[in-house]
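**Q** Before anything else, here's the structure in question.
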Amino acid sequence: MRPTQSDPGEGAASTAWELLLPAASAPARTRGRSLQAALREAVRSGRLAPGTRLPSSRDLAADLGVSRGLVTEAYEQLTAEGYLRSGRGAGTWVGAAVRAAQPRAHDLAPRSPGARADFVPGTPDLALFPRAAWAAAQRGVLAELPHQELGYPDPRGLPRLRTALAELLVRRRGVVADPERIVVVSGVAQATTLLGFALHARGVRTVGVEDPGSPQHDALYASAGVTAVPLPLDDEGVALEPLRASGVRAVVTTPAHQFPTGIAYSARRRAELLDWARSVDGIVLEDDYDGDFRYDRAPVGALQGLDPDRVAYTGSVSKSLAPGLRLGWLLVPESWAEEIVERKRTMDLGHPALDQALFARFLERGDYDRQLRRCQRAYRDRRDALVAALDAHFPGSEVSGIAAGLHVIATLPQRYGPEERFLARVAGAGVAVRPLSAYAHTRTEPEGAKEIRLVLGYAHVPPARIAEGVRLMAEAATG
């Protein structure tokens, strides 16, 4: 078959020469591979378009000042790979199967671009990451880690790390922690997905979630074939009557500091929740969201400590160190351990061994406790700065959820409403905020409600920026 595109003649020869000349200058021992790589990239990037006829091997070799055999070998190799095509007496052409690569990679990380002040909750101050201590731990691990521990790890995690985590969780969170039932995971998101798959395997198709609550639960459980059922809250935690009426046998909770309302489950509600789980042969999935950060007294102990056979407990370093580490833990009831571990094995063959060994050393040397104390001091100061700024610029506002965590709930007087107009004005001023309604699974307020309830994150905002951001928000609201 004759090619449909006419011979470009000297133009194609000149183009090929310009693209391949740097490769022809490579050292003799690598020149052939360099020529093939340069020609391959020229086709892949689209600089040599499909249907372009290439110069003969003799002509191209003469232009580049290399042997004809080098060019012939390059043509043959790329023809075998599908980048080029050739036929007896028809010359060599760029194949039509290749599609030009995308010119660059896109960053899909969640951010608030261009905000003059950012109060979106959920992010710690990444500038507090303990770089020096982390680097020292990394050097120590690389020096001492046995070679065999660089192989595929136990899917539960390195025994050294699980032992250190058990000690930490018993001491700081009051859990019943057996290292054999701890699974090291890539954050709470993976723990949630693992639990979702385990529920599905047991025939459970629905799971109760707090409303308002984390917006991620719906998608994470849906990926495992489990539907999230919204359950309303009252002043003590998940409301019992709707829970009983829902028919679910599993419920997700954040009892130490509920996200986003900021309430801590009462002792009575904790006991009632466990009674419910026993009555339906169910399970409570405890997300210890920012449970380490309590400012008025010692943190409320984990629910799991009351009944480790009915509660699966999960946490991570996302708020204490950095979410980008993708490092967390899941402590499961004994009857769930085998299937969770097997699911973890098939999902990723275990968490990276170097990261685990590094974090184990970080825990053992007391660096993690020092980091928690450092963050707690900084975040308490920022909470106080936010409460003071709201009092100064939004007189009559009410602030709740201030006893713990990394955010507060600010209820503004009706004169700043309605909420939709307030949010539009604040966004126009370059201030990023989230209303409490953004975390509701079901709408509970009528359209056009005048009350404004904001979830204001403060951990990642320095005190001076907090004061400036609240001032900008007030000026936009009243302007």
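The values are calculated or read from the model by the stated rules, or taken from the named source; none is laboratory data. Bear in mind the structure is a predicted one, so any value in this text is a computation, not a measurement. For neighbour counting, all protein chains shown are included, and Cβ atoms are generated from backbone atoms with ideal geometry for every residue, glycine included. We work out accessible area using only protein heavy atoms, side chains counted, and drop any ligands, DNA or RNA first. Shrake-Rupley method; radii C 1.70, N 1.55, O 1.52, S 1.80 Å.
**Q** Measure nothing but the geometry: give the 0 to 90° angle between the long axis through the Cα atoms of 367-393 and the longest principal axis through the Cα atoms of the chain, rounded to 10°.
**A** 70 degrees
**Q** If you don't mind, another one. Rolling a 1.4 angstrom probe over the protein heavy atoms, how many square angstrom per residue are accessible across the stretch 331-410? Mind showing how you got there, number by number?
**A** Numbers: 3460 Å² over 80 residues.
For the stretch 331-410, the solvent-accessible area averages 43 Å² per residue.
**Q** Tell me, what is the percent relative contact order of the chain, built from C-alpha pairs under 8 Å that lie six or more residues apart? Mind dumping the intermediate values first?
**A** Details: 822 pairs, mean separation 84.6, N = 479.
Relative contact order comes out at 18 percent.
**Q** Between [x] 54, 30, 24; [y] 49, 21, 20; [z] 38, 26, 21, which entry matches semi-axes √(5λ) of the Cα gyration tensor in Å as derived from the coordinates of this structure?
**A** Calculated semi-axes √(5λ) of the Cα gyration tensor in Å: the matching label is [x].
**Q** Using the crude model of +1 on Lys and Arg Cβ and -1 on Asp and Glu Cβ, and no other charge, please compute the dipole size for the stretch 329-479 relative to its Cα centre, in debye to 20.
**A** Values: 21 positive and 20 negative charges, 105 e Å.
My answer is approximately 500 debye.
**Q** Please report, as a whole percent, how much of the solvent-accessible surface of the chain comes from carbon and sulfur atoms (probe radius 1.4 Å). Walk me through the numbers before you get to the answer.
**A** On the way: 11580 of 22760 Å².
C and S fraction of accessible area: 51 percent.
**Q** Then there is this: Quick one: helix 267-279 against the long Cα principal axis of the chain, what's the angle to the nearest 10°, folded into 0 to 90?
**A** 70 degrees
**Q** Mind checking the angle between helix 353-364 and the chain's longest principal axis? C-alpha axes, 0 to 90 degrees, to the nearest 10.
**A** 30 degrees
**Q** Sticking with this structure for a sec: Could you give each residue of the stretch 165-180 its phi-based ³J(HN,Hα) in whole Hz, using Karplus coefficients 6.51, -1.76, 1.60 with θ = phi - 60°, and x for Gly or Pro?
**A** 5, 4, 4, 4, 5, 5, 6, 9, 10, x, 8, 9, 10, 9, x, 6
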